[in-house]
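Student: Below is one structure. I have some questions about it.
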Amino acid sequence: MPNFFKKEVPKMGDTLTYRRSGFAVCFFLLLGFGRARTITPMLISHPYRFVFIKTVKTAGTSVEAFLEPYCCPPGHQVEHWTPTLISDYGVVGQRWPQNDRDNLGYYNHMPAAEIRQRCPQFDDYTRLTVVRDPYDRAISYFHFSHPTFTPPGGMPLDQAIALLKQGDRHVLQERFVAFLRHGLPDEQALLCIDGRLAVQRWIRFEALHQGLEQLVRDLDLPLEGSVADALPGFKRNRQGRQDRPAIDDYLSAEALELIHQQCGWSFDTFNYQRRCVSSLA
């Protein structure tokens, strides 16, 4: 059995090695067509006794990659894309640019209830996730989805943003409302079991480094250097992220209403403050 009490963690760039005993580490590569969508997996660490449930548009890929070495044998190399990895050390769910399932049972947006069915230690381990201000998360999901979402007769998003820079935010706000009418991912369905929150702790996107630093201390995770240095930045250099309009530029009275309806549970559970229509510029 692995020495779970030896404070040793793989380093970024090391080569992945596999034990021949215990669970086999399986690889499945599924090819898909059309626009790539990131598989949203989960993590289970047996040495450090935690389960990470990844939500949508909350920096989850970087956090997952940060935590991944604690779920794998020493020498594991963290990559942006990975098939499902299962070993005596834990489970790394598939992280892949196609919206496919593998046949190992770990799939896109796997809810806590199903993870619990597959992980006998679920109730005994620390369950954690990352949360984000619902307005900011909705806007991030809007930009993530816009290549596949254009309302009939709608103006391309880059043109709507260009008009905003000229002082006309109406087109961007209409485009955002049309997107919201199609619905946002349901965090409650991911994070609850029988109507009760299944995670014991959450890290706020708005204080990501501080939250991870506290997690490292609380779970006694070995870490060389700082969280800022160790946190992968797979999406850090994507163009356009730093040039996005301010949150208020997207929000109309109807957008507020739709976000409040769809994200009410997240506002209440994670204590995010709702905006009032009177606060809109």
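Student: Wholly within the range 151-207, which helices (runs of 4 or more DSSP H) include no fewer than the required count, namely at least 3 residues that are among the acidic types (Asp, Glu) and farther than 25 Å from Asn271 by Cα? Quick ask: steps written out before the conclusion?
Tutor: Values: elements: 157-165, 170-180, 187-191.
Once the helices (runs of 4 or more DSSP H) in the range 151-207 are filtered for at least 3 residues that are among the acidic types (Asp, Glu) and farther than 25 Å from Asn271 by Cα, nothing remains.
Student: Hey, can you tell me all the residues within the range 38-48 that are touching a strand residue (DSSP E or B) at 6+ places or on another chain (Cβ under 6 Å) and at pLDDT 90 or above?
Tutor: Passing the criteria: Leu43, Ile44, Ser45, His46.
Student: Could you check the range 218-240 and list, in sequence order, the residues that are at pLDDT 80 or above and surrounded by 10 or more Cβ atoms within 10 Å (Cβ to Cβ)? Full working, then the answer.
Tutor: Of the range 218-240, the ones at pLDDT 80 or above are 218-231.
If the condition is that a residue be at pLDDT 80 or above and surrounded by 10 or more Cβ atoms within 10 Å (Cβ to Cβ), then Asp218, Leu219, Leu221, Pro222, Leu223, Ser226, Val227, Ala228, Ala230, Leu231 are the ones that fit.
Student: Cβ-Cβ below 7 Å, separation at least six or inter-chain, first residue in the range 51-75 and within 19 Å of Ala113 (Cβ to Cβ), second among the acidic types (Asp, Glu): which pairs?
Tutor: Phe52/Glu64; Lys54/Glu64; Thr55/Glu187
Student: Further question on the same structure: Of all the residues that make up the range 252-279, how many are touching a residue at least 60 places away in the same chain (Cβ under 8 Å) and assigned to a helix (DSSP H, G or I)? So that I can check it myself, show each step before the final result.
Tutor: Keep residues of the range 252-279 that are touching a residue at least 60 places away in the same chain (Cβ under 8 Å), which gives 252, 254-255, 258-259, 262-263, 265-267, 269-270, 272, 275.
So of that shortlist, the ones also assigned to a helix (DSSP H, G or I) come out as 254-255, 258-259, 262-263, 265-267, 269.
Summing the residues that are touching a residue at least 60 places away in the same chain (Cβ under 8 Å) and assigned to a helix (DSSP H, G or I) in the range 252-279 gives 10.
Student: Since Leu29 meets every condition but one in (1) modelled with pLDDT of 50 or more; (2) of a type in the set (A, V, I, L, M); (3) over 19 Å from Val227 (Cα atoms); (4) assigned to a loop (DSSP other than H, G, I, E, B), which condition does it not meet?
Tutor: Checking Leu29 against (1) modelled with pLDDT of 50 or more; (2) of a type in the set (A, V, I, L, M); (3) over 19 Å from Val227 (Cα atoms); (4) assigned to a loop (DSSP other than H, G, I, E, B), the one that fails is (1).
Student: Quick one: in the range 77-104, which of the residues that are in a loop (DSSP other than H, G, I, E, B) and modelled with pLDDT of 85 or more is nearest to Glu224 (Cα to Cα)?
Tutor: Per the stated criteria, the residue is Tyr89.
The values are calculated or read from the model by the stated rules, or taken from the named source; none is laboratory data. Keep in mind the model is a prediction, meaning the values are calculated, not measured. Virtual Cβ from ideal backbone geometry, glycine too; neighbours counted across all protein chains shown.
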